[in-house]
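K.L.:
Next up is a structure, given as structure tokens.
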Amino acid sequence: MPKIVLLPGDGIGPDIVAEAVKVLGAVGEKYSISFTFETALIGGAAIDQTGCPLPPETLALCREADAILLGAVGGPAWDELPGNQRPEAGLLGIRKELGLYANLRPAKVFPALAASSPLKPELIGDIDLLVVRELTGDVYFGQPRGRECCNGECRAIDTMAYTESEVERISRLAFDLARKRRSLVTSVDKANVLESSRLWREVVRRVHADYPDVELREMYVDNCAMQLVNNPGQFDVILTSNLFGDILSDEAAMLTGSLGMLPSASLGGSVGLYEPVHGSAPDIAGKGIANPLATILSVALMLRYSFDLAEAAEAVETAVTQVLDAGYRTKDICRAGGELVSTAEMGDLVANTIRRGTI
Ligand code: IPM
Ligand code: MG
């Protein structure tokens with residue numbers, strides 16, 4: 001009985017995780033698997049109830065789990081707290097504690113949503129890329145970090161740092177994944193300026209020697225940001241560091257029509273964590289208008305990577321495509337002629353489509 005820990009978190013987190021659970025229920029029925037669920041606190045919700053963004057009980061439960069599904073963390077209520085006590089510290093803490101050094105963010109266009117993309121239709125047809133973001137290093141975790149104040153002026157420090165082994169393991173994973181796709185890795189850095197990027201480049205080239213069948217291209221991050229809007233079809237796997245990956249994956253997500261559609265998988269440790277790329281959107285929490293599809297598509301990634309259930313993963317992805325093709329839309333992706341549905345209705349539509357095999 002696969003044990004899944006649910007970490008709904010803040011804002012729309014609980015709204016969207018509830019829909020993903022419906023979908024797992026449908027998958028369980030169809031493929032005769034009984035998933036068990038336990039819910040734990042993280043982020044602002046955990047701060048409010050326990051004073052800590054990542055309570056030890058949550059971490060202990062996650063270590064015992066077969067997979068983790070997370071909603072989102074953060075919100076204005078906790079914005080004034082010091083950095084290490086903010087909701088985000090819970091998310092960064094769980095990634096680090098569980099050794100989840102690889103964050104996979106696939107971006108693909110659903111034809112039914114092409115009109116929602118800010119790019120011209122002729123540019124988006126061929127978007128099918130995977131951002132492989134390093135997740136436990138870089139300026140997110142580098143030391144020293146902090147603030148020092150002297151003679152009435154403060155100075156704040158973050159440290160961008162990478163070790164060879166950190167770059168090596170994420171590179172290997174990116175090349176391995178590229179082999180299952182179009183065998184092209186674009187490594188993105190800022191090696192014309194940053195020392196850490198120069199080491200990054202060196203190590204990526206070294207690892208590449210073991211993958212002569214995969215093409216390696218190198219690109220500066222500013223150019224990559226531009227190329228993503230200019231010619232996104234040129235990318236297969238984008239391999240990049242924590243900070244650059246954070247930024248580029250939001251950009252890649254929007255190209256596909258809505259930030260509400262992009263799933264992610266965080267891997268590398270003994271248990272995988274799955275979450276939508278988007279944030280907690282506190283302004284629309286509890287209103288029944290959030291888009292649960294990124295979380296539902298994260299369930300597909302969970303089925304594929306943590307449970308090795310490729311067929312079930314495809315069933316979820318196909319159901320999402322069918323529901324979109326039939327015209328159903330949450331508010332963020334609804335345009336003239338679309339059938340506007342609530343968060344819960346969208347979850348029901350996908351779950352029922354999985355059960356029936358057709359909408
Ligand atoms: C993400 C988010 C997080 C990050 C925040 C919430 C800490 O933006 O997962 O992309 O920066 O990694
Ligand atoms: Mg982000």
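The values are calculated or read from the model by the stated rules, or taken from the named source; none is laboratory data. The shown structure was predicted, so the numbers you read here are calculated from the model rather than taken from an experiment. Here the Cβ is made from the backbone with ideal geometry for all residues, glycine too, and neighbour counts use every protein chain on show. These area figures cover heavy atoms from the full protein model, side chains too; ligands, DNA and RNA do not enter into them. Shrake-Rupley method; radii C 1.70, N 1.55, O 1.52, S 1.80 Å.
K.L.:
Relative contact order (percent) for the chain, with alpha-carbon contacts under 8 angstrom and 6 or more residues of separation? Provide the component values of the computation, followed by the final result.
P.N.:
Numbers: 785 pairs, mean separation 82.1, N = 359.
Once divided by the residue count of the chain, the mean separation gives 23 percent.
K.L.:
If you take every residue apart from G28 with its C-beta less than 12 Å away from the C-beta of G28, what net charge results, scoring Lys and Arg +1 and Asp and Glu -1? It would help to have the intermediate numbers written out before the result.
P.N.:
Numbers: positive: K22, K30, R355; negative: E29.
Within the 12 Å Cβ shell, the charges total +2.
K.L.:
Here is a further query. T39's amide H: which non-local residues (gap 5+, or another chain) put their own amide H closer than 5 Å, with H modeled 1.01 Å from N in plane and none for Pro or chain starts?
P.N.:
L6
K.L.:
Take the Cα pairs of the stretch 118-255, get the Kirkwood Rh, then feed it into Stokes-Einstein at 20 °C and 1.002 mPa s and tell me D in µm²/s.
P.N.:
On the way: Rh = 15.9 Å.
The Stokes-Einstein estimate is 135 µm²/s.
K.L.:
Please work out, to two decimal places, the log10 of the ratio I(q)/I(0) at q = 0.15, 0.20, 0.26 Å⁻¹ from a Debye calculation in which every Cα of the stretch 312-359 carries one identical scatterer.
P.N.:
For the stretch 312-359 at q = 0.15, 0.20, 0.26 Å⁻¹, log10 I(q)/I(0) is -0.34, -0.59, -0.91.
K.L.:
Determine ³J(HN,Hα), in whole Hz, for all residues of the stretch 125-140 in sequence, where each value follows from phi through the Karplus function 6.51 cos²θ - 1.76 cosθ + 1.60 and θ = phi - 60°; x replaces Gly and Pro.
P.N.:
So the Karplus estimates, Gly and Pro as x, are x, 9, 6, 7, 10, 10, 7, 9, 9, 5, 10, 10, x, 6, 5, 5 Hz.
K.L.:
With θ set to phi - 60°, apply the Karplus curve 6.51 cos²θ - 1.76 cosθ + 1.60 along the stretch 19-24 and write out the HN-Hα couplings as whole Hz, x wherever there is a Gly or Pro.
P.N.:
Result, rounded to whole Hz: 6, 5, 5, 4, 5, 4.
K.L.:
Tell me which residues come under 5 Å, amide H to amide H, from V131 once H is placed; ignore anything under 5 positions away on its chain.
P.N.:
Under 5 Å from the amide H of V131: R105, A107, I238.
K.L.:
Same structure, new question: Order K3, K180 by their accessible area, 1.4 angstrom probe, all chains in place, largest first.
P.N.:
K180, K3
K.L.:
Take the Cα pairs of the stretch 112-160, get the Kirkwood Rh, then feed it into Stokes-Einstein at 37 °C and 0.692 mPa s and tell me D in µm²/s.
P.N.:
The Stokes-Einstein estimate is 217 µm²/s.
K.L.:
State to the nearest 20 debye the size of the charge dipole of the chain about its Cα centre, where the only charges are +1 on K and R beta carbons and -1 on D and E beta carbons.
P.N.:
Charge dipole, the chain, about its Cα centre: 420 debye, nearest 20.
K.L.:
So what are the ³J(HN,Hα) numbers for the stretch 100-106, from phi and the Karplus equation (6.51, -1.76, 1.60; θ = phi - 60°), rounded to whole Hz, Gly and Pro as x?
P.N.:
8, 7, 10, 10, 9, 10, x
K.L.:
Longest segment of the chain with no GluC sites (Glu not before Pro) in a DSSP loop having at most 12 other Cβ atoms within 10 Å?
P.N.:
Here the longest segment lacking exposed loop sites spans 81-359.
K.L.:
Which percent, to the nearest 5, of DSSP beta bridges fully inside the chain are antiparallel?
P.N.:
40 percent
K.L.:
Continuing with the same structure: Are there cysteines in the chain with no other Cys C-beta under 4.7 Å, and if so, which?
P.N.:
Cysteines of the chain left without a disulfide-compatible partner: C52, C62, C150, C224, C334.
K.L.:
Using the crude model of +1 on Lys and Arg Cβ and -1 on Asp and Glu Cβ, and no other charge, please compute the dipole size for the stretch 118-255 relative to its Cα centre, in debye to 20.
P.N.:
140 debye
K.L.:
For the stretch 28-136, state the average projected area of the convex hull of the C-alpha atoms over all orientations, rounded to one decimal in nm².
P.N.:
10.2 nm²
K.L.:
Further, regarding this structure: Which aspartates and glutamates, on any chain, are close to K22 with Cα under 12 Å apart, when same-chain ones fewer than 8 places away are left out?
P.N.:
Qualifying aspartates and glutamates at Cα under 12 Å: E345, D348.
K.L.:
Oh, and also: Which value at 222 nm does the chain reach when only helices count, each DSSP H run of 4 or more adding -39,500 (n - 2.57), with the total divided by all residues and rounded to the nearest 500 deg cm²/dmol?
P.N.:
Taking each H run of at least 4 residues, the total per residue is -13000 deg cm²/dmol.
K.L.:
Now a separate question. Which values of log₁₀ I(q)/I(0), to two decimal places, follow from the Debye formula for the stretch 258-307 at q = 0.14, 0.19, 0.25, 0.32 Å⁻¹ with a uniform point scatterer at every Cα?
P.N.:
-0.38, -0.62, -0.88, -1.16
K.L.:
May I ask you to list the lysines whose Cα is less than 21 Å away from that of K120, ignoring any residue fewer than eight positions away on the same chain?
P.N.:
Partners found: K108.
K.L.:
Separate question: With an 8 Å cut-off on Cα pairs and a minimum separation of 6 or more residues, tell me the relative contact order of the stretch 209-359 in percent. Show your work: numbers first, answer last.
P.N.:
Numbers: 170 pairs, mean separation 25.7, N = 151.
Dividing the mean separation by the residue count of the stretch 209-359 yields 17 percent.
K.L.:
Further, regarding this structure: Tell me the carbon and sulfur percent of the accessible area for the chain, rounded to whole percent, probe radius 1.4 Å. Don't jump to the answer; show the numbers that get you there.
P.N.:
Details: 7730 of 15140 Å².
In the chain, the share of accessible area belonging to carbon and sulfur is 51 percent.
K.L.:
Enumerate the residues in the stretch 71-101 having an amide nitrogen under 12 Å from the point lying 7 Å beyond the Cα of S270 toward its Cβ.
P.N.:
Backbone N within reach: 98-99.
K.L.:
Solvent-accessible area per residue for the stretch 242-344 at a 1.4 Å probe radius, Å²?
P.N.:
Per residue, the stretch 242-344 has an accessible area of 35 Å².
K.L.:
Might you work out the accessible area of R355 for me, using a 1.4 Å probe with all protein chains in place, and round it to the nearest 10 Å²?
P.N.:
100 Å²
K.L.:
Right, something else. Using all C-alpha to C-alpha distances in the chain, build P(r) with 10 Å bins and read off the rounded percent in each one.
P.N.:
The distribution over the chain is 5, 24, 33, 26, 9, 1, 0, given as percents.
K.L.:
Same structure, new question: K287 to D48: extension gain in nm, 0.36 nm per residue of separation minus the Cα-Cα distance?
P.N.:
Value of the extension gain: 83.9 nm.
K.L.:
Another one. What translational diffusion coefficient, to the nearest whole µm²/s, does the stretch 210-359 have by Stokes-Einstein, given a Kirkwood radius computed over alpha-carbon pairs, a temperature of 4 °C and 1.567 mPa s viscosity?
P.N.:
76 µm²/s
K.L.:
Could you list which residues have their amide H under 5 Å from that of S187, counting only those 5 or more apart in sequence or on another chain, with H placed in the peptide plane?
P.N.:
R217, E218, M219, L239
K.L.:
V229 to T36: extension gain in nm, 0.36 nm per residue of separation minus the Cα-Cα distance?
P.N.:
65.3 nm
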